[in-house]
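First up is the structure itself, then whatever we jot down about it.
The values are calculated or read from the model by the stated rules, or taken from the named source; none is laboratory data. Keep in mind that this is a model prediction, so the values were computed, not measured. Here the Cβ positions follow ideal geometry from the backbone for every residue, glycine too, while neighbour counts run over all protein chains shown. For the accessible areas, the whole protein counts, side chains as well, though only heavy atoms, and no ligand, DNA or RNA atoms are used. Shrake-Rupley method; radii C 1.70, N 1.55, O 1.52, S 1.80 Å.
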Amino acid sequence: MSLSALPTLSEPLMIGWLYPKLMSTYGDRGNVTCLQRRCEWRGIPVRIQALDRDTDPSQFTQVDLIVGGGAQDRQQEIVMRDLQGAKAAALKGAIEVGVPGVFTCGAPQLLGHYYEPGLGQRIQGLGVLDLVTVHPGPDAPRCIGNLVLEVTAERLARELRLMLGDVPYLIGFENHGGRTKLGSVEPLARVVRGLGNNGEDQTEGAFHCNAIATYSHGPLLPKNPFLADWMIQTAIARRTGESCALNRLDDSLADRARSVMLQRLNVG
């Protein structure tokens, strides 16, 4: 596939930020900042739109990128009960037509069929992803620690290889009580270090259309800036109908940090 130069956008790329006041427990606003800055450094116009309880459902359909972060059980329940009806349909529609998104920590759970907290009633999800999450109870140990992942989602791995010449490891940090089991949805990655979806089957996250769901935060994109570039590139291609190549940025500091972490974890 040949890639064209970066096209000129008539309107800014719109980053839709899901429930920023309720779902930013683990610093995953860094994913929003990473996307914003990497656009600005390239001269790509960009705006951020909060998608929350006061948002009209039509705004869910106008975004080019979607970011969802983590929350405590109480906040997640509020979100999952608000994200119903027209809002749910709009978000599902955006994902299904290929709007790229990154959904970390608690966000993948609301995209699944349901989430069962350690205490309380089952909370129905959107059913976008064929997965379920169950918290084994307040006395169960949490899944906490550094993560190293090998991307196994076939199309994402292929497109990263086209961008970079290789498929690098993803690095991150997990801290979750729920255990996620996948149905027919494709896993995002294989766990190299860490526990992943459930600590049993070595799967981590899920990949559907252009939506990345993962327990890896910390936040994810600044630690893996090539993944942010894949999202931006994909969003521009959707907007313009043209495949394009982003100019490379100086990621030497991020690359050094990644190397140190991989060495510390004896990977590679």
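For this structure, a couple of remarks:
- On the principal axes of its alpha carbon atoms, segment 150-268 extends 41, 35, 21 Å, with the longest extent given first.
- Segment 20-62 shape via C-alpha gyration tensor axes, a/c threshold 1.5: oblate
- Model label points for THR33 and VAL97, set 7 angstrom from Cα along the Cα-to-Cβ axis, are 3.2 nm apart.
- Share of pairwise Cα-Cα distances greater than 19 Å in segment 204-266 is 44 percent (whole percent).
- The chain - mean residue ellipticity at 222 nm from DSSP helices (-39,500 (n - 2.57) per run, n ≥ 4, rounded to 500): -9500 deg cm²/dmol
- Alpha carbon centroid spacing (whole Å) that separates segment 1-75 from segment 121-162: 21 Å
- A compact globular protein would have a Cα radius of gyration near 2.2 N^0.38 Å; the ratio found for segment 1-141 is 1.13.
- The relative contact order of the chain, computed from alpha carbon pairs under 8 Å that lie at least 6 residues apart in sequence, is 21 percent.
- For ILE66, residues with placed amide H under 5 Å, excluding near neighbours: GLY16, GLY101, VAL102
- Shape call, segment 136-190: gyration tensor on alpha carbons, a/c limit 1.5: oblate
- Expressed in Å, the radius of gyration and Dmax of the Cα atoms of the chain are 17.5, 54.
- Value of relative contact order over segment 74-202, rounded to a whole percent, pairs C-alpha under 8 Å and six or more apart: 22 percent
- Near SER259, once Lys and Arg are set to +1 and Asp and Glu to -1 for all other residues with Cβ below 14 Å from its Cβ, the sum equals +2.
- DSSP bridge orientation in the chain - percent antiparallel, rounded to nearest 5: 55 percent
- Per-residue extension of 0.36 nm, minus the Cα-Cα distance of CYS244 and ALA257, leaves a gain of 1.9 nm for this segment.
- Looking at segment 66-135, the accessible area is 34 square angstrom per residue; that uses a 1.4 Å probe and ignores ligands, DNA and RNA.
- Cα-based values for segment 85-155, radius of gyration first and Dmax second, are 14.4, 41 Å.
- Charged-residue dipole, Cβ positions (Lys, Arg, Asp, Glu), segment 114-189 about Cα centre, Debye nearest 20: 120 debye
- Listed by chain and number, the lysines whose alpha-carbon sits under 25 Å from that of LYS92, ignoring those within fewer than 8 places in the same chain, are LYS21, LYS181.
- For the pair LEU9 and GLN84 in one chain, pulling the backbone fully straight at 0.36 nm per residue adds 23.8 nm over the alpha carbon distance.
- When +1 charges are put on Lys and Arg Cβ atoms and -1 charges on Asp and Glu Cβ atoms, the dipole computed for the chain relative to its Cα centre reaches about 340 debye.
- In this structure, ARG161 and GLN62 have a Cβ-Cβ separation that, at R0 = 35 Å, corresponds to a calculated FRET efficiency of about 0.65.
- In this structure segment 163-207 gives 40 Å² per residue of accessible area when probed at 1.4 Å with all protein chains present.
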